[in-house]
Amino acid sequence: KACGVKCEKFYLGFDIGADRKLADYEQARGYFEMLDEASPWVTVKRIGTTTLGKPMIAVILSAPANLEKLDRYIDISRRLADPRKLTPAEAAALVAEGKIVTMITPSLHATEVGAMQMTLELAYTVAAQKDERLSKALEQAILYIVPTNPDGLQMVVDWYKKWLGT
């Protein structure tokens, strides 16, 4: 169930962006999975395994109706990726039916920790449906969040926590 105004504080024990606090990859993954369970606007899919054996995920944010037809929208995007295989009429029909698909890849460079923290807040904003403009935009779009360096992020946050205050 939804956890209220300060969902991150409920789950993480601190507000996202709080001084001297960072969510590590395992906390972030768990938080995204909690939002998936609590909201029809969030879906988490396992997409592989990291070098160190952690589950890699994609967090998908969109209107519930779009998430229900996600496979169709992925197929449309794949077909439009090479329009040489389509007639102009087929391409136009797919463009009209399809959705905008965008991807955020936080933590490509593990020491750039802010982007990963921000995606937690973004996912909560979508899940809690507190931003009408964002909700309206997600009726036309599908947003993927794919943490691209989970092992590196975990190492950096572990190092930070170990040496914090020394």
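The values are calculated or read from the model by the stated rules, or taken from the named source; none is laboratory data. This structure is a prediction, so every number in the text was calculated from the model and none was measured. Because the Cβ atoms are built from the backbone with ideal geometry, glycine has one as well, and the counts that use them run over all protein chains shown. Side chains included, ligands, DNA and RNA excluded: accessible areas come from the protein's heavy atoms. Shrake-Rupley method; radii C 1.70, N 1.55, O 1.52, S 1.80 Å.
Of note:
- The residues of the range 86-99 that are of a type in the set (D, E, K, R), assigned to a helix (DSSP H, G or I) and surrounded by 13 or more Cβ atoms within 10 Å (Cβ to Cβ) amount to a single one, GLU90.
- Conditions (1) within 17 Å of the chain's Cα centre (by Cα); (2) at pLDDT below 95; (3) more than 27 Å from PHE14 (Cα to Cα): number failed by TYR124: (3)
- Test: residue in the range 109-128 that is closer than 30 Å to ASP75 by Cβ, outside any helix (DSSP H, G or I) and open to solvent by 50 Å² or more (accessible area, probe 1.4 Å): no
- Yes/no for ARG46 being at negative phi, exposed (fewer than 13 other Cβ atoms within 10 Å of the Cβ) and not in a helix (DSSP H, G or I): yes
Here's the yes/no breakdown for (1) farther than 30 Å from ASP158 by Cα; (2) touching a residue at least 12 places away in the same chain (Cβ under 8 Å):
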{"position": "ALA89", "(1), (2)": "yes, no"}
{"position": "ALA96", "(1), (2)": "yes, no"}
{"position": "MET118", "(1), (2)": "no, yes"}
{"position": "LEU134", "(1), (2)": "yes, no"}
{"position": "GLU139", "(1), (2)": "yes, yes"}
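- Apart from one condition, THR102 fits all of (1) touching a residue at least 24 places away in the same chain (Cβ under 8 Å); (2) of a type in the set (Ser, Thr, Tyr); (3) assigned to a helix (DSSP H, G or I); (4) over 15 Å from GLN27 (Cβ atoms); the exception is (3).
- Test result for PRO83, in contact with a strand residue (DSSP E or B) (Cβ under 8 Å, 6 or more places away or on another chain), of a type outside the set (Asp, Glu) and open to solvent by 20 Å² or more (accessible area, probe 1.4 Å): no
- Some residue of the range 144-162 being open to solvent by 70 Å² or more (accessible area, probe 1.4 Å), more than 23 Å from ASP36 (Cα to Cα), of a type in the set (A, V, I, L, M, F, W, C) and part of a helix (DSSP H, G or I): yes
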